[in-house]
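The values are calculated or read from the model by the stated rules, or taken from the named source; none is laboratory data. Computed from a predicted structure; not experimentally measured. Virtual Cβ from ideal backbone geometry, glycine too; neighbours counted across all protein chains shown. For accessibility, only protein heavy atoms count, side chains too; no ligands or nucleic acids. Shrake-Rupley method; radii C 1.70, N 1.55, O 1.52, S 1.80 Å.
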2 protein chains.
Amino acid sequence: MPPVDREPTRGSPDTKERILAAAEALFMEQGYAATSLRAITAQANVNLAAVNYHFGSKEALIREVFDRRLGPLNQARLDYLARVEFEAGGRPLTPEKILEAMITPVVQLSRDPLKRGAVFLRLLGRALSEPADTMKQVLPIHYRDVVLRFKEALVRALPDVPEQELVWRMHFTFGAMAYAMAGNDALQLITTCEVEGADDAEAIIRRLVPFLAAGLKAPVPLPMRTSTAHPTTNREAA
Amino acid sequence: MPPVDREPTRGSPDTKERILAAAEALFMEQGYAATSLRAITAQANVNLAAVNYHFGSKEALIREVFDRRLGPLNQARLDYLARVEFEAGGRPLTPEKILEAMITPVVQLSRDPLKRGAVFLRLLGRALSEPADTMKQVLPIHYRDVVLRFKEALVRALPDVPEQELVWRMHFTFGAMAYAMAGNDALQLITTCEVEGADDAEAIIRRLVPFLAAGLKAPVPLPMRTSTAHPTTNREAA
DNA sequence: GCATGATTCAAACACTCGTTTGAATCAGTC
DNA sequence: GACTGATTCAAACGAGTGTTTGAATCATGC
């Protein structure tokens, strides 16, 4: 029967951990649907039934894979943001500082001495566009607070940008971040251009922050034509 | 036995087309690995064996799903770029014009009167981060020329940005574009913020182009300190 | 020692998967 | 009409899936 779920699960030397690590790696390499429990348990050197014994189901396993990392990561983001806001003493932050609060915890995760974490980041970058129903349940829970707090900070930082416009720009920002986190494989998948230092997470944010900050601060384009009416069918060049 | 593959496949009223459309839609909703041939043939109202008869295998089917749309789309991008370059008469283009050449064909595809195309765009946005081996073969083939030509144009448009930096910014650009194309579902998956007019492709590029152009034009950050050393732990406010 | 409960293990379960088969159906040509 | 080749169809194939089972193993407390 399933364990009583006492504190940090004393028993089981590390099989639960080994399953989590193997699942993390394989989900990253092959995606969720394409990764079988047999492949996971083989890589983790545990019995097949161990997954259902410790986690209950495959879906519960992937949920735990994300919960384990995403909780601390997003909490670190909130903490970072709160700290710089406190240091600013009530004055609005720069977009750069806000982005830094968003991205730095990611870098710290990637520095994890055990080399885990980096794997998870690439998994996360991919998960953002995975259509699996599980993601549609797991991710919003973890991200709700983060998004709301950062949106709030950006609204204060960029009072000249209308809120709707800012929400859009946050979308674009998330897209670029997710893509960057997905790592070199996904990157060179399209561009076929060599990039140097794609593994160095610090180098990535050193380039990502100025790029995104400039986008966030960009002058707001004039609304084309009438605002509410559909500028729809076959209206050709401006 | 398989058809002789004559011109536009005369016979078969439209079963090949119906299969492609159903596959496109279902791959978009559920991803490649999670979509079964039985689900596809059921939605297309054709026999299960029709897929292997007309396409040979599931993998060949998805390959054709992408080939059919990606070829014309990227050719339109190249044509658009060639046209504006010709109009510029040898002078460098603005980043905005280059982005416009990249994005406008997407919008035209989304205007497809039969409402197809829009579905494909969301599929494409997701495919960019699918780990399936098929993608790693299909996408680079279609994108190689596009990426090289646009990189060339951007290098001319932004002579002050080092080439390596520009390649990185192109990566970020692709990420934001892919994310935006993935549609409202994927967008609101994280942000939980309502966005108005998420369906209007024209509205998206009206917001996306200024955002990305500003990022591409951003001042190049100074290389931080010594290149290799970690500017690490707990360095507080600047 | 034995008893207890957690954990592992090999084996099987019921199911779905992509693919194949061989007969049936349909379109054309002679 | 009969013949031919393309296309559809129902049925099955073997492989692989997530999950369950029940006995074996282990650690621990008495």
What shape does region A:11-56 have by the C-alpha gyration tensor, where a ≥ b ≥ c are the square roots of the eigenvalues, rounded means a/c under 1.5, and otherwise prolate means a/b greater than b/c and oblate the rest?
-> prolate
At a 1.4 Å probe, which residues in region A:15-55 are at least 30 Å² less accessible with all protein chains present than in their chain isolated?
-> A:Ala33
How big is the accessible area of A:Ser110 in square angstrom, nearest 10, if you roll a 1.4 angstrom probe over the protein chains?
-> 30 Å²
Quote to one decimal, in nm, the extra length available between B:Val220 and B:Val155 on full extension: 0.36 nm per residue of separation minus the C-alpha distance between them.
-> 22.0 nm
Work out the mean other chain Cβ neighbour count within 10 Å for the residues of B:203-211 and drop it here as an integer.
-> 6
Ignoring ligands and nucleic acids, chains B and A bury, in total, an accessible area (1.4 Å probe) to the nearest 100 Å² of about 6200 Å²
Once you put a point 7 Å from the Cα of B:Gln108 and another 7 Å from the Cα of B:Arg91, both along the Cβ direction, what distance in nm separates them?
-> 2.5 nm
Would you list which lysines come within 25 Å of B:Lys97, measuring only between C-alpha atoms, while excluding same-chain residues fewer than 8 positions from it?
-> A:Lys217, B:Lys151, B:Lys217
So how much accessible area does B:His54 have, in Å² to the nearest 10, using a 1.4 Å probe?
-> 40 Å²
